[in-house]
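A short worksheet on the structure shown next.
No value in this document is a laboratory result; all are computed from the given coordinates. Predicted model only: the values in this text are computed from it and were never measured. Cβ coordinates were reconstructed from backbone atoms using ideal geometry, including for glycine residues, and neighbour counts include every protein chain displayed.
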Amino acid sequence: MYCGTCLRDNTVASELMARGHDVSLLPVYTPTRTDERNVSDAHVFFGGISVFLEQRVPLFRRMPAVLDYLWDVPAVIKAATGKGVSVDPKDLGELTVSMLKGEAGFQAKEIGKLVAYLQQQPPYDLIVLPVSLLIGLAKPLKQALHRPIVCMLQGEDLFLDFLSADHSALAKDLILAHAPQVDAFMATSDYYSDYMSGYLGLDRKTIHTVPIGIHLDGHDPSPRPWKETLTIGYLARIAPEKGLDLLAAAYRILRKEKGLPPSRLRAAGYLAPEHKGYLREIEDKLQAWGLRGEFEYFGEVTREAKIAFLKDVNVFSVPSPYAEPKGLYLLESMANAVPWVQPRHGAFPEMERRTGGGLLFEPNDAQDLATRIMTLVNNPHLAGHLGRNGAEGVQAHYTAAKMAERTLEVFDKVLGPARRPATAGSAP
């Protein structure tokens, strides 16, 4: 899948590299996958197979590291994880807690392999951990490399809330216990900076907001005529937390109650094996409503196909019931001058304030979502105005360059005003 965190990390790393900084982007668990040029290292640390075996079989925790090469090869990891991995909360909870225990966990050998590799590299100015779920690495990395540690916050609460109550509580306690080893946290939105401070019990003063950004190359903000046949677009993972079912319900209201003529509801994005039933349920409901022929799922799309998809959309919506900390897809929508309708929670209200690129609706309310979409249907001039606002807003606030600049500002604060970093290591 195209992982939003990997996309963000790859974008900021490539932008820092373009500015002359020396960045090592180190994959963790599996090779990273992005829809732009991948600048990550070919070496995968904490290889998914090794981590699994060490969690389940004590023998592998003591096995010589050189033997791990057999299953740490990226191609082997890809083959093993290509059809998905376990999403059982118990399995994930035990592994998450073990990883957060750091050197006291079952994956201590993997920490040693990472430290040994980093000690062979030219000295880094600082180390960036991409999520707080890897904060168990902070202490051993700091002790071995004697460099400051920065930790990103970008959506971990959704994962932690999925775990059992006991595992979730223990994981949060461990994150908080490791927090003193971190010199600064960076969150992807003002909303998430505030939220994670309370959620994890972190000092709000240690959290810096670094809004996400995208490369605008290839995106097309030019005005497009409002088509007679409306197309409503959804571009995100096909999963309950993204809200495609809510958009389908709103589409029924539009067609059956609000007088919308025959239109098109189009969706694209990664579909995990465990969510195929979720998509079938949506399709079955649309069939029962007599609307199945107006819905099309395009699957996972490349960057080029994504832009082509957005160029054919009149109104964009990913009505996530989960309060999103990033909303990368919304930037892509606005970069193509597509007006949007999003829930009034998470990062979306601040995106609306900065860009004026869309309308907000009450979260989880299909009726209000349908009403807002109908507002744009009935007022193409407003839709065009919002589209133009969004394109200008992304250019002003949410480019890869802006994200890199803000990242460097945080690095300056961590390292001191007299020294901007020349190198930065990151493990996505």
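Can you tell me how much longer the chain between residue 63 and residue 297 gets when fully stretched, taken as 0.36 nm per residue apart minus their C-alpha distance, in nm with one decimal? Spell out each step's value before the answer.
On the way: separation 234, 0.36 × 234 = 84.24 nm, distance 4.59 nm.
Separation in residues times 0.36 nm, less the Cα-Cα distance, equals 79.6 nm.
At a Förster radius of 60 Å, what calculated FRET efficiency corresponds to the Cβ-Cβ distance of residue 121 and residue 226, to the nearest 0.05? Working shown, then result.
Working: r = 54 Å, r/R0 = 0.90.
Calculated value: 0.65.
List the residues of the range 216-249 whose backbone N lies under 12 Å from a point placed 7 Å from the Cα of residue 161 along the Cα-to-Cβ direction. Answer for this model: 241-242.
What number, in percent, do you get for the relative contact order of the range 294-428 if the mean sequence gap of Cα pairs under 8 Å and at least 6 apart is divided by its residue count?
21 percent
Using 0.36 nm per residue and subtracting the Cα-Cα separation, the extra length available between residue 194 and residue 146 on full extension is 14.3 nm.
Straight Cα distances below 12 angstrom link residue 139 to the aspartates and glutamates 103, 183, with same-chain residues fewer than 8 positions distant left out.
Projecting label points 7 angstrom from Cα along Cα→Cβ for residue 217 and residue 312 puts them 2.6 nm apart.
Less than 5 angstrom separates the built amide H of residue 209 from those of 187, all sequence-distant by 5 or more or on a different chain. Each label was represented as a point 7 Å from its Cα along the Cα-to-Cβ direction; for residue 385 and residue 18 these points are 3.3 nm apart.
Report, in deg cm²/dmol and to the nearest 500, the calculated mean residue ellipticity at 222 nm for the chain, where each DSSP H run with n ≥ 4 adds -39500 (n - 2.57) and the sum is divided by the residue count.
Numbers: 19 runs with 203 residues, N = 428.
It comes out at -14000 deg cm²/dmol, rounded to the nearest 500.
Exceedance of the 32 Å cut-off in Cα-Cα distance is limited, within the set 285/311; 311/413; 101/402; 113/306; 306/413; 227/402, to 311/413; 101/402; 113/306; 306/413; 227/402. Alpha-carbon geometry of the range 178-217: the Rg and the Dmax are 11.8, 40 Å, given in that order.
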